[in-house]
Every structure is written in C-alpha cells, then in structure tokens.
Amino acid sequence: MNAITLALTGASGAPYALRLLECLVQADYRVYLLASSAARVVLKTEQGLDWPASPQALSAQLCADFGARAGQIVACGKEEWFSPVASGSAAPKQMVVCPCSMGTVSAIAHGASENLIERAADVVIKERGQLILVPRETPFSAIHLENMLSLARLGVTIMPAAPGFYHEPRSIDDLVDFMVARILDHLGVAHTLCQRWGYAPSRDE
C-alpha cells in the first residue's frame, strides 16, 4: 500500500482536505493524518466537524466515515514524535499540507520543528521527497512570497487554492474537485474528478 502524509493547518479550505482524503483512500493509500489545533477550529467553522482529541478515536472515526480499511487512516498527535512521519527512516516520501497557513509556510521555510507537522515537512525536504503546500491566503505579503520562494527553490510545490473556471463549474463541489484534481495530478494518482483543458463541454451541449 502506498503511504502519504496529509496535514491540515489553520488556513481556510477544509473542504479541499476532506475531499483529498477521500480520494487518497479510494486510491488505496495509507494516510498519516496530522491536524493542528487551528485546523480543528477551521473544520468546526467550515464543515461543522468536531473531531475527537484522541488520535486513536479519530483514526477509527475517519476510517468509518471514509469507508477505509482498519489502519488505512492513521491520525497522529501534534507531538507524537514516535510516529513514522517524524523520521527519515520511516516517513512516506510524499506529503501534502492542505490547507496550509502562512504560519506553517514560515515554519517550514525556516526549518522549525516545533510540532509534528513542521517536523514531517522537514523530513520530506531533507529526504528529497515530494512536498506539496496548498496555501489559502490573499493577498500575499512580501514575507509570504519570500518564504514560498525559498521553499520552491528547494523543490517544494507551491499550489495555492486557486481553482480555475474553464471546466465550467456549477457548484462549490466542482471548484473543490478542480483543486484536488491538480493535487492528485502532481502526486501521480489517477482520477476523473473534472474535465481537463480543451475537453470542457459547451454550456449549449
């Protein structure tokens, strides 16, 4: 089973993370799930979700909610330093931070490892794995841009949550799927979430 780390932080965009988690489970990935305290506030505000504090309880709940096999979604505490994602010898080679706050961008760009999300990202960078950050902020300040540029120069993919409209979206779900599709493309995960450029049907059809 392929493995990936998915981290949720305090930026707006909880629907992106939940849809991505659903697609990764369907693609038979084992997902190590990390959620900051601020991410839990966002989940409650945007989705009405009140996730249990216990990582074990959260793992069980998410496996049930997303139809995953037992152990396919592994929730980790923010200071669970013995988690596989904390070590280069065990961490998945792919990681997505979605949504990604500017505070998290800054911490990763400066090599901070004060919580498991920051440490996991640091591990993926040092092990030359694939790290995708999905920031949701507007406008970007010069500080934000400089931090993202520093990470881009290290090979980190910066993918702002900025959905396109050429696929003629008709719902919020369509916009969410557009962004999740782009993330899956970069991860090399096949999907049929939305029409690609040049294949969008006309509204007259």
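The values are calculated or read from the model by the stated rules, or taken from the named source; none is laboratory data. A quick note: this is a predicted structure, and the numbers were derived from the prediction, not measured. Cβ coordinates were reconstructed from backbone atoms using ideal geometry, including for glycine residues, and neighbour counts include every protein chain displayed. All accessible areas refer to the heavy atoms of the entire protein, side chains included, with ligands and DNA or RNA removed. Shrake-Rupley method; radii C 1.70, N 1.55, O 1.52, S 1.80 Å.
Please go through (1) open to solvent by less than 90 Å² (accessible area, probe 1.4 Å); (2) modelled with pLDDT of 95 or more for I172 and return the number of the only condition it doesn't satisfy.
All conditions are met except number (1).
Got a sec? Which of A112, A120, A90, A107 is open to solvent by 10 Å² or more (accessible area, probe 1.4 Å) and not in a loop (DSSP other than H, G, I, E, B)?
On the way: A112 fails: not in a loop (DSSP other than H, G, I, E, B); A120 fails: open to solvent by 10 Å² or more (accessible area, probe 1.4 Å); A90 fails: not in a loop (DSSP other than H, G, I, E, B).
None of the other options fit; the residue is A107.
Looking only at segment 17-59, filter to residues that are in a helix (DSSP H, G or I) and touching a Pro at 6+ places or on another chain (Cβ under 9 Å); which one of those is farthest from C100 (Cα to Cα)?
Within segment 17-59, the subset in a helix (DSSP H, G or I) is 17-26, 37-47, 55-59.
Among the residues that remain, those that are also touching a Pro at 6+ places or on another chain (Cβ under 9 Å) are: 17, 39, 42, 46-47, 58.
On the way: A17: 10, A39: 9, V42: 12, E46: 15, Q47: 17, L58: 21 Å.
Looking at residues that are in a helix (DSSP H, G or I) and touching a Pro at 6+ places or on another chain (Cβ under 9 Å), I get L58.
What is the number of the single condition among (1) touching a helix residue (DSSP H, G or I) at 6+ places or on another chain (Cβ under 9 Å); (2) modelled with pLDDT of 95 or more that A70 does not meet?
(2)
Condition (residue is assigned to a loop (DSSP other than H, G, I, E, B) and closer than 20 Å to R40 by Cα) applied to segment 128-143: is it met by at least one residue? Spell out the reasoning first.
Of the residues in segment 128-143, the ones assigned to a loop (DSSP other than H, G, I, E, B) are 128-129, 136-141.
Next, only the ones that are closer than 20 Å to R40 by Cα stay: 136-137.
Checking segment 128-143: at least one residue is assigned to a loop (DSSP other than H, G, I, E, B) and closer than 20 Å to R40 by Cα.
Just for segment 147-169: of the residues that are open to solvent by 80 Å² or more (accessible area, probe 1.4 Å) and either touching a helix residue (DSSP H, G or I) at 6+ places or on another chain (Cβ under 8 Å) or farther than 21 Å from M102 by Cβ (or both), which one is modelled with the lowest pLDDT?
So the residue we want is Y166.
Given (1) in contact (Cβ under 8 Å) with a residue 40 or more places away in the chain; (2) open to solvent by less than 70 Å² (accessible area, probe 1.4 Å), where does K78 come up short, assuming only one miss?
(2)
Could you say whether any residue in segment 44-55 is farther than 23 Å from T192 by Cα, buried (at least 21 other Cβ atoms within 10 Å of the Cβ) and at pLDDT 95 or above? Write out each step before concluding.
Looking only at segment 44-55, we keep the residues that are farther than 23 Å from T192 by Cα, and these are 44-55.
This time we only want the ones that are buried (at least 21 other Cβ atoms within 10 Å of the Cβ), so: none.
No, segment 44-55 has no match at all.
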